[in-house]
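The values are calculated or read from the model by the stated rules, or taken from the named source; none is laboratory data. Because the structure is predicted, anything quoted here is derived from the model rather than measured. Cβ: placed from backbone, ideal geometry, glycine included. Neighbour counts: every protein chain shown.
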Amino acid sequence: MATNSKWIVVFDDKKITKKYDEGSEEGAGHILKDDPIWNEAKFANIWAIQYGNSVATDSVEYRDETPHSVYDPAVLGDFQEFINRWDAAQLVSIQNTWDDDNVEGESSSDKLSRLGARPTSYTSNP
């Protein structure tokens, strides 16, 4: 398994975890229960992926005795698919945090002054 990877995908948990930069504190994983990616045939035998350390050490772990292998985008697709899903879940999370950050008696304009505009996009840094 790759060490110091930037991303971990665990298929049984339906979870994508970002392990670097903003959002990398403990619990920076997002569980995406209803995402169709988990049902794609190309991932049927995969237990986990560690990605983003280097091509030589990015690791795909299989459910059966298939030897672990490097992540092959020609077979598994661009890993950016997982990053985009994490970013979408992260946006929802930070929007919910913004929505829930209320001060009793505060007006909408006061909230905007205190917090800035409600986030409308999120993109992970490379």
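Listed here are the residues, each with its yes/no results for (1) under 18 Å from I37 (Cβ atoms); (2) out of contact with any strand residue (DSSP E or B) (no Cβ under 6 Å at 6 or more places or on another chain); (3) not small (G, A, S).
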position	(1), (2), (3)
S59	no, no, no
E81	yes, yes, yes
T97	no, yes, yes
S109	no, yes, no
A117	no, yes, no
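Determine whether the stretch 102-120 contains at least one residue that is within 22 Å of K19 (Cβ to Cβ), surrounded by 11 or more Cβ atoms within 10 Å (Cβ to Cβ) and at pLDDT below 95.
Keep residues of the stretch 102-120 that are within 22 Å of K19 (Cβ to Cβ), which gives 119.
Still in the running and surrounded by 11 or more Cβ atoms within 10 Å (Cβ to Cβ): 119.
Now drop any that are not at pLDDT below 95, which leaves none.
No, there is no match, as no residue in the stretch 102-120 is within 22 Å of K19 (Cβ to Cβ), surrounded by 11 or more Cβ atoms within 10 Å (Cβ to Cβ) and at pLDDT below 95.
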**Message:** So for the stretch 48-64 (the condition being at pLDDT below 95 and aromatic (F, W, Y)), does at least one residue qualify?
**Reply:** yes
**Prompt:** Does the stretch 48-75 hold any residues that are touching a residue at least 24 places away in the same chain (Cβ under 8 Å), surrounded by 17 or more Cβ atoms within 10 Å (Cβ to Cβ) and not polar (S, T, N, Q), and which are they?
**Reply:** A48, I49, Y51, G52, D58, E61
**Hits in the stretch 1-41 - residues which are buried (at least 17 other Cβ atoms within 10 Å of the Cβ), modelled with pLDDT of 90 or more and farther than 19 Å from L91 by Cβ** = I8, V10, F11
